[in-house]
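Please read the structure below before turning to the comments.
The values are calculated or read from the model by the stated rules, or taken from the named source; none is laboratory data. Note that the structure is a prediction, hence the values are computed from the model and not measured. Note that each Cβ is placed from the backbone with ideal geometry, even for glycine, and that neighbours are counted across all protein chains shown. Keep in mind that these areas ignore ligands, DNA and RNA; they rest on the heavy atoms of the full protein, side chains included. Shrake-Rupley method; radii C 1.70, N 1.55, O 1.52, S 1.80 Å.
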Amino acid sequence: MKKYLLVIILLLVWTGVDNILFGQTPTATVTVDQFRLCESGNIKMIVEFTGDAPFDFKYWINSGIIDQGFVTTAYNSYTFEFTTEFTKTGYLRFYDFSDTNGNPGSILDENGDPIVDGRIDIIVNNKPKPTINAPLRTCDLDVNLSATKEFESSTCSWRLENSSDGTLSDENITNPIFTAASEGIYTFFFTEDNDGCMSDEIAYSNYEVINTPSPSGGVIRDSETICAGEQATIDLNLVGEFPITVSYTDNVEGIDIYEFDTHQILTRELTSNETYQVYKLTSINGCETVINDDVDVHVDKMPNANAGTIDSPICGFEAVLEPILTEGLNSSGYWTLIDDNGGSGLEFDGNEISLDSDVQFAEEMYDLQWTEENEDNTDCYDTSDLSVTFYKIPESNIIKDTVEFYLARNLDLQAEEPLKGMKGLWEVIEEPSQKPLFVDADSSYTKVNNLIIGEYTFKWTVSNGEFCADYETPDEISISNKGIYKTTGFSPNGDGTNEIFIIGGAKNVAKNKLTVFDVTGKIVYQENNFCHPKDDKEIGWNGQKNDGNTEDGTYYYIFEGEGIDPIKSYLIIKGSKQ
């Protein structure tokens with residue numbers, strides 16, 4: 001017993017040693033010599049392994065030249081490297097790494113951190129191609145330089161041909177101001193840096209700087225009374241190169257600038273009585289002149305028109321609008337129709353609007369405008385728009401026809417066609433043991449199959465969207481589907497009453513046959529497919545025997561066909577034309 005116990009202990013110890021020897025996790029440290037390139041270049045990838053060789057692994061190259069994976073098995077070295085060319089942004093991926101024992105390995109970066117999905121992204125930046133534009137304007141000895149970068153996120157820099165040429169307001173923006181040391185000919189240089197990918201230096205040469213004179217101003221007089229938010233008009237008499245920018249401040253704060261290309265009109269939007277100062281003129285070349293004149297403007301209050309809201313579409317044909325007048329203002333308002341969008345026609349009665357329900361469409365939308373006027377100055381008005389949507393209340397009407405059938409397998413149901421945009425649905429709400437099947441339950445005219453004998457109630461519901469769900473009024477029709485119906489007599493005397501012998505439901509019995517006998521057992525009439533509709537032939541038996549005669553009396557008949565037990569009965573002809 002001790003011998004077996006010792007063997008078991010040795011096996012357990014060996015198993016533990018085996019786990020120690022072969023259970024260590026191998027690692028692959030993956031590095032690249034660079035992560036960014038300009039236009040294109042080579043990337044070198046180096047992988048350093050630890051663990052038990054040989055190793056199995058995969059790597060993928062997505063470089064703009066190739067997009068392909070590679071499989072390496074039984075790699076018996078502890079260093080793996082390759083170099084590949086990139087022409088666009090892509091990636092290198094090292095994955096599915098394991099040692100000779102099949103142990104999956106960890107993929108790490110040079111800092112010993114795991115590389116997510118084994119992927120290293122390589123960025124290839126495009127070399128910028130900037131352009132230098134013609135200088136925008138000059139004034140005195142100032143020149144507005146302008147360049148266009150190819151990439152929005154890139155940086156840029158300007159330089160002068162000689163440091164003694166003058167100064168730049170900011171050499172790292174696209175549109176700095178260059179102030180020349182004197183009149184003369186100058187050359188400017190521009191470079192764009194796309195995240196380390198530098199453009200070629202470009203130059204704008206032989207630009208002549210001329211000392212340009214400033215504009216002059218003249219008389220300014222107060223404008224007329226205006227409505228708040230409108231433009232105050234100020235007459236100016238300006239001399240200079242147009243357009244000239246007029247800068248001014250009001251008695252609160254801020255600077256407003258307007259440019260125009262005439263000698264006369266300056267406009268300024270005001271919301272209340274203000275005094276502001278026109279203090280500076282600037283010509284198209286950026287040349288400035290200070291004039292310092294005050295302007296007073298009287299402003300009448302402008303209404304703040306509010307047409308109100310309608311929270312949801314209206315199911316019906318009338319509504320009451322609720323516009324809100326501006327608080328603290330002597331004002332009134334009125335409604336106008338902007339667009340009926342092809343609707344049936346809208347009527348206004350003050351704030352009440354309505355449609356003619358007899359011609360109303362399923363859905364109509366009207367665009368309205370509320371105009372509010374300042375009663376003290378009707379030139380001061382404001383408008384507010386409002387859209388109103390009407391849905392017509394749906395009506396469900398079944399066109400009632402026959403409500404009693406005999407041995408019917410199917411029947412037709414018909415209702416009034418819903419208006420365009422509305423939907424209808426047939427449903428059965430009472431049925432015998434077998435469920436009927438609608439050919440098209442969404443159509444106002446549909447066939448119902450799979451009928452059996454019994455009582456049915458069908459419902460037709462017309463709907464017009466979610467907003468009219470509470471206004472739906474379904475219509476119903478009850479149908480009685482009976483078995484074979486037979487009479488025991490008729491009187492073919494030409495009075496239009498009870499002239500024909502029929503068997504109710506016979507037309508629904510396939511391959512049927514009616515055989516009529518007299519009291520002696522002689523066949524006097526026989527008809528296949530009795531009561532089936534036939535062209536130019538009356539449905540039923542008019543009492544004429546095979547010999548063409550009609551005689552009062554008692555007769556016997558047998559009616560048989562597919563799906564029914566033979567019916568044996570009698571009938572009486574009375575009051576016939578002999």
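Please go through segment 376-398 and pick out each residue that is in a strand (DSSP E or B) and of a type in the set (Gly, Ala, Ser).
Once the filter is applied, which keeps residues that are in a strand (DSSP E or B) and of a type in the set (Gly, Ala, Ser), segment 376-398 yields SER384, SER387.
With the requirement that a residue be open to solvent by less than 20 Å² (accessible area, probe 1.4 Å) and either under 39 Å from the mean Cα position of the chain (by Cα) or modelled with pLDDT under 90 (or both), what does segment 465-478 give you?
CYS468
Kindly establish whether ILE314 is out of contact with any helix residue (DSSP H, G or I) (no Cβ under 9 Å at 6 or more places or on another chain) and in contact (Cβ under 8 Å) with a residue 40 or more places away in the chain.
It is false that ILE314 is out of contact with any helix residue (DSSP H, G or I) (no Cβ under 9 Å at 6 or more places or on another chain) and in contact (Cβ under 8 Å) with a residue 40 or more places away in the chain.
Quickly run through segment 435-464 and pick out the residues that are open to solvent by 40 Å² or more (accessible area, probe 1.4 Å) and either in a strand (DSSP E or B) or at pLDDT 90 or above (or both).
Within segment 435-464, LYS435, LEU437, PHE438, VAL439, ASP440, ASP442, TYR445, LYS447, ASN449, ASN450, GLU455, LYS459 qualify.
Limited to segment 355-375, what total is found for residues that are open to solvent by less than 80 Å² (accessible area, probe 1.4 Å), farther than 14 Å from ILE310 by Cβ and in a strand (DSSP E or B)?
So the count comes out to 5.
Among (1) surrounded by fewer than 16 Cβ atoms within 10 Å (Cβ to Cβ); (2) of a type in the set (A, V, I, L, M, F, W, C); (3) at pLDDT below 85, which single condition is CYS531 missing?
The failed condition is (1).
For segment 141-200, which positions are in contact with a Cys (Cβ under 9 Å, 6 or more places away or on another chain), open to solvent by 40 Å² or more (accessible area, probe 1.4 Å), of a type outside the set (D, E, K, R) and not in a loop (DSSP other than H, G, I, E, B)?
MET198
If we keep just the residues of segment 399-434 that are outside any loop (DSSP other than H, G, I, E, B) and touching a residue at least 60 places away in the same chain (Cβ under 8 Å), which is most open to solvent (accessible area, probe 1.4 Å)? Spell out the reasoning first.
Step one: list which residues in segment 399-434 are outside any loop (DSSP other than H, G, I, E, B), which gives 404-406, 411-415, 423-430.
Still in the list and also touching a residue at least 60 places away in the same chain (Cβ under 8 Å): 404-406, 411, 413, 415.
On the way: GLU404: 78, PHE405: 46, TYR406: 53, LEU411: 8, LEU413: 5, ALA415: 5 Å².
My answer is GLU404.
Which residues, taken from segment 523-542, are out of contact with any Lys or Arg (no Cβ under 9 Å at 6 or more places or on another chain) and farther than 11 Å from TYR557 by Cβ?
LYS534, ASP535, ASP536, LYS537, GLU538, GLY540, ASN542 - these are the residues of segment 523-542 that are out of contact with any Lys or Arg (no Cβ under 9 Å at 6 or more places or on another chain) and farther than 11 Å from TYR557 by Cβ.
In segment 83-111, which residue that is closer than 15 Å to ARG36 by Cβ and free of Cβ contacts under 8 Å to residues at least 60 places away in the same chain is most open to solvent (accessible area, probe 1.4 Å)?
The residue in question is LYS88.
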